[in-house]
1. Among all residue pairs at least 6 apart or on different chains, which show Cβ distances below 7 Å where the first residue, located in the stretch 66-81, is closer than 23 Å to Phe44 by Cα and the second is exposed (fewer than 10 other Cβ atoms within 10 Å of the Cβ) and among the acidic types (Asp, Glu)?
2. Could you grab me the full set of residues in the stretch 1-60 that are among the aliphatic types (A, V, I, L, M), closer than 30 Å to Asn159 by Cα and either assigned to a loop (DSSP other than H, G, I, E, B) or in contact with a His (Cβ under 7 Å, 6 or more places away or on another chain) (or both)?
3. Out of the stretch 119-154, which residues are β-branched (Val, Ile, Thr), surrounded by 15 or more Cβ atoms within 10 Å (Cβ to Cβ) and not in a loop (DSSP other than H, G, I, E, B)?
4. Give Ala17, Ala80 a once-over and let me know the one that is within 24 Å of the chain's Cα centre (by Cα) and either loosely packed, with under 14 Cβ neighbours inside 10 Å or modelled with pLDDT under 95 (or both).
5. Out of the residues in the stretch 191-210 meeting the condition of being assigned to a loop (DSSP other than H, G, I, E, B) and either touching a Lys or Arg at 6+ places or on another chain (Cβ under 7 Å) or of a type in the set (A, V, I, L, M) (or both), tell me which one is modelled with the lowest pLDDT.
Amino acid sequence: MSQNKEVIGKITYPNFALEDSELAIFDTKKLLNLIAITTGDLLFNLEKTRNTYTKLHFADNTFNLTYALADPLLIGKVAAVNEPEWNATIPLEKEHVDNMVKAKSALPGISSMLVSTALDMYNKPMCVFTFGDENGHNNKITYQMYGDMEVSDAIVPFNSDTFKNILHQNKDLATGTMYLNYGGLMKLEFTSEDGISSQYYLIRREQDAF
């Protein structure tokens, strides 16, 4: 769960050769920065004091790294999500993910994304993603996708930085699905070729009133 409670995620990988353990990672970015300097196969093990895991040790052919784990009590409990009825179900393919990452990347510094529905010229329901500032005189990019959806006049705002980061981290997807509730909740599901499955819930932007 993000610090602002805007997104909740769950990632599952069934073939991970590590003892059953609960690891308190307080700053994911620092851990990723350490791992980023390594190359090739990465070996790691856990250090434990009494009944608490305190350190992660990593090694490749060049570096030996240590990441200090936090006290589990410092990690906030992840909230439960009560799923609503979904108004839209949209299949995600790699092309869709790549295109929406490009759209957001073309508008750096702007975290606005509006999701709405409309009928295309053939009266076929489509979901419209609008990247850019809400003000009428600023730059915008729109991207349309199709799926099973109810057409509504609802316009739901989300944080495009968070949305882009999730898509980017799952760009190697084998399958993907987006679910949308027009009241303000989005669910993203991905599976990869190597057996990783991930699930994310995004709530609408806090600064926008319902």
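1. Cβ pairs passing all conditions: Pro72/Glu22.
2. Residues satisfying the conditions are Met1, Leu23, Ala24, Ile25, Ile37.
3. Val128, Thr130, Ile141
4. Ala80
5. Per the criteria, the residue is Ala209.
The values are calculated or read from the model by the stated rules, or taken from the named source; none is laboratory data. The structure displayed is predicted, hence computed values, not measured ones. Note: ideal-geometry Cβ built from the backbone for every residue, glycine included; neighbour counts use all protein chains shown.
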